[in-house]
Structures are given as C-alpha cells and as structure tokens.
Amino acid sequence: MARILSLRAELPSPDLDLSLPFYERLGFQLDGRYGDGFALLVREGWLLHLWRTDDPALCRASSIYLQVDDVDGFHAEALAAGVEPFRGPPADRSWGMREVYYLDPAGCLLKVGQETDDDDQGGE
C-alpha cells in the first residue's frame with residue numbers, strides 16, 4: 001500500500017488578495033503565489049493552500065481545524081492582529097476541546113482548539 005507523505009489543508013477563495021492578509025495576520029507567511037489562482041502559506045512548518053474559485057457557496061462550506069497548545073494565547077494574538085472571533089471567545093466544549101472560531105474574508109470557517117483535561121465540560 002502506498003504511504004501518505006503529507007496532508008495539507010486547502011481553502012477556496014474568490015479573491016486571494018482579500019484572503020491572504022487574514023492568514024498573514026494569524027502568523028502564516030506567504031511561501032509562494034502562482035498568479036491569481038493559487039497561494040501557499042506556511043506557519044511552523046504547516047502548509048495551507050488557498051485556491052481561487054468563483055463559487056461563494058464552496059467557501060461557506062469549507063473549514064479547517066488547527067489544534068494548538070494554547071487556544072487562549074492564539075486568540076489573544078488574533079485579537080491583537082485585528083482578527084475577531086466568529087462566535088465569541090474560546091470556550092470549553094462538551095467533546096473535550098476548548099475552541100474558538102473565525103471566518104476568513106471568503107467565508108471559510110477556521111476552528112482553533114486544544115484538548116481540555118476533562119472531556120465532559122458541559123459546554124456547547
């Protein structure tokens with residue numbers, strides 16, 4: 001059986017010039033841009049691809065999840081960079097994660113979370 005060498009997140013965008021600054025404010029760095037159709041971003045060795053689409057419904061149906069070691073710290077950095085959460089500050093969830101959500105300018109959902117010590121927090 002062939003081995004998987006990597007798994008990369010890809011998100012659609014109707015306008016890369018609109019989406020790129022959002023991810024750069026979150027600490028991603030532009031690693032390559034190929035015309036108006038494709039951009040590669042990197043943060044701490046993790047790759048994020050943005051690709052152009054004319055279908056806004058596709059953007060609203062797309063999401064990625066970043067599991068971090070400090071969701072509150074990530075959120076503080078996001079706020080300092082002018083990135084507001086989609087549904088309030090980080091909160092403990094009943095599935096054992098502390099999470100915060102952001103919408104990028106294209107409407108893609110970015111979930112950021114960390115494991116909690118207790119998997120029955122009684123949150124949302």
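The values are calculated or read from the model by the stated rules, or taken from the named source; none is laboratory data. All of these numbers come straight from a predicted model, not from anything done at the bench. Cβ placement follows ideal geometry from the backbone for every residue including glycine, while neighbour counts extend to all protein chains displayed.
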Determine which member of the set Gly45, Gly37 is among the small types (Gly, Ala, Ser), in contact with a Lys or Arg (Cβ under 7 Å, 6 or more places away or on another chain) and loosely packed, with under 13 Cβ neighbours inside 10 Å. Gly37
For segment 48-78, which positions are over 16 Å from Cys108 (Cβ atoms) and surrounded by 12 or more Cβ atoms within 10 Å (Cβ to Cβ)? Gln67, Val68, Asp70, Val71, Asp72, Gly73, Phe74, His75, Ala76, Glu77
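Here are some residues: Asp55, Asp92. Which one is modelled with pLDDT of 95 or more, over 21 Å from Pro21 (Cα atoms) and not hydroxyl-bearing (Ser, Thr, Tyr)? Please lay out each step first, then the result.
Values: Asp55 fails: over 21 Å from Pro21 (Cα atoms).
Exactly one of Asp55, Asp92 is modelled with pLDDT of 95 or more, over 21 Å from Pro21 (Cα atoms) and not hydroxyl-bearing (Ser, Thr, Tyr), namely Asp92.
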Number of the exception - Asp17 against (1) out of contact with any helix residue (DSSP H, G or I) (no Cβ under 6 Å at 6 or more places or on another chain); (2) assigned to a strand (DSSP E or B); (3) of a type outside the set (A, V, I, L, M, F, W, C): (2)
Are there any pairs, at least 6 apart or on different chains, whose C-beta atoms fall under 8 Å, with the first in segment 54-82 and closer than 23 Å to Arg93 by Cα and the second part of a helix (DSSP H, G or I) and modelled with pLDDT of 95 or more, and if so, which? Leu66/Phe74; Val68/Phe74; Ala78/Arg25
Name every residue in segment 84-100 that is surrounded by fewer than 19 Cβ atoms within 10 Å (Cβ to Cβ) and either out of contact with any Ser or Thr (no Cβ under 9 Å at 6 or more places or on another chain) or of a type in the set (Lys, Arg) (or both), in order of residue number. Glu84, Pro85, Phe86, Arg87, Gly88, Pro89, Ala91, Arg93, Ser94, Trp95
Subset of segment 26-51, residues within 14 Å of Asp15 (Cα to Cα), assigned to a loop (DSSP other than H, G, I, E, B) and of a type outside the set (D, E, K, R), comes to Gly35, Gly37
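Taking the stated definitions as given, is Val83 touching a helix residue (DSSP H, G or I) at 6+ places or on another chain (Cβ under 7 Å), within 15 Å of Gln114 (Cβ to Cβ) and of a type in the set (A, V, I, L, M, F, W, C)?
It is false that Val83 is touching a helix residue (DSSP H, G or I) at 6+ places or on another chain (Cβ under 7 Å), within 15 Å of Gln114 (Cβ to Cβ) and of a type in the set (A, V, I, L, M, F, W, C).
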Count - residues of segment 10-34 that are within 20 Å of Leu109 (Cβ to Cβ) and either acidic (Asp, Glu) or buried (at least 17 other Cβ atoms within 10 Å of the Cβ) (or both): 13
